[in-house]
Amino acid sequence: MEKTIQTPDGASLTGEVVRVVESTERYSDIVLEDGAVLRIKATASEALRLEGQSDADGNPLYYARLHTVINLLSPPDSAK
């Protein structure tokens with residue numbers, strides 16, 4: 001199924017919807033200079049193979065719509 005979407009910067013992209021059939025979502029733990037520790041993961045909800053677009057090696061380009069999950073594992077030092 002072909003679909004056209006608006007990106008956050010206002011551009012329009014047209015491509016073929018490619019269904020996500022499997023996803024392994026890992027967390028990244030991020031330590032900030034204020035001592036806070038964040039746990040972040042991105043979950044893909046939709047993917048489009050962009051029409052007529054490829055990288056320098058000829059591979060098709062994809063656009064993925066992601067949802068970001070952020071958890072605070074440890075508050076900043078000033079809040080402890």
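Run Asn71 past the list (1) surrounded by 12 or more Cβ atoms within 10 Å (Cβ to Cβ); (2) not in a loop (DSSP other than H, G, I, E, B) and report the number of the one that doesn't hold.
Just one mismatch for Asn71, condition (1).
Take the residues of the stretch 1-17 that are aliphatic (A, V, I, L, M) and at pLDDT below 95: which is surrounded by the fewest Cβ atoms within 10 Å (Cβ to Cβ)?
Per the criteria, the residue is Met1.
Answer yes or no as to whether Gly52 is of a type outside the set (D, E, K, R), loosely packed, with under 10 Cβ neighbours inside 10 Å and over 19 Å from the mean Cα position of the chain (by Cα).
Against the criterion (of a type outside the set (D, E, K, R), loosely packed, with under 10 Cβ neighbours inside 10 Å and over 19 Å from the mean Cα position of the chain (by Cα)), Gly52 qualifies.
So which strands (runs of 3 or more DSSP E) stay within the stretch 1-63 end to end and still have 3 or more residues that are touching a residue at least 40 places away in the same chain (Cβ under 8 Å) and of a type in the set (Lys, Arg)?
none
State whether one or more residues within the stretch 32-49 are out of contact with any strand residue (DSSP E or B) (no Cβ under 8 Å at 6 or more places or on another chain), within 23 Å of Gly15 (Cα to Cα) and either modelled with pLDDT under 95 or surrounded by fewer than 13 Cβ atoms within 10 Å (Cβ to Cβ) (or both).
For the stretch 32-49, residues out of contact with any strand residue (DSSP E or B) (no Cβ under 8 Å at 6 or more places or on another chain), within 23 Å of Gly15 (Cα to Cα) and either modelled with pLDDT under 95 or surrounded by fewer than 13 Cβ atoms within 10 Å (Cβ to Cβ) (or both): absent.
Hey, Leu66 hits all of (1) closer than 17 Å to Arg26 by Cβ; (2) of a type in the set (A, V, I, L, M, F, W, C); (3) in contact with a Lys or Arg (Cβ under 8 Å, 6 or more places away or on another chain) but one; which does it fall short on?
Condition (3) is where Leu66 drops out.
The values are calculated or read from the model by the stated rules, or taken from the named source; none is laboratory data. Just so we're clear, the structure is a prediction, and the values are computed from it rather than from any experiment. All Cβ positions, even for glycine, are placed from backbone atoms using ideal geometry, and neighbour counts span all protein chains on display.
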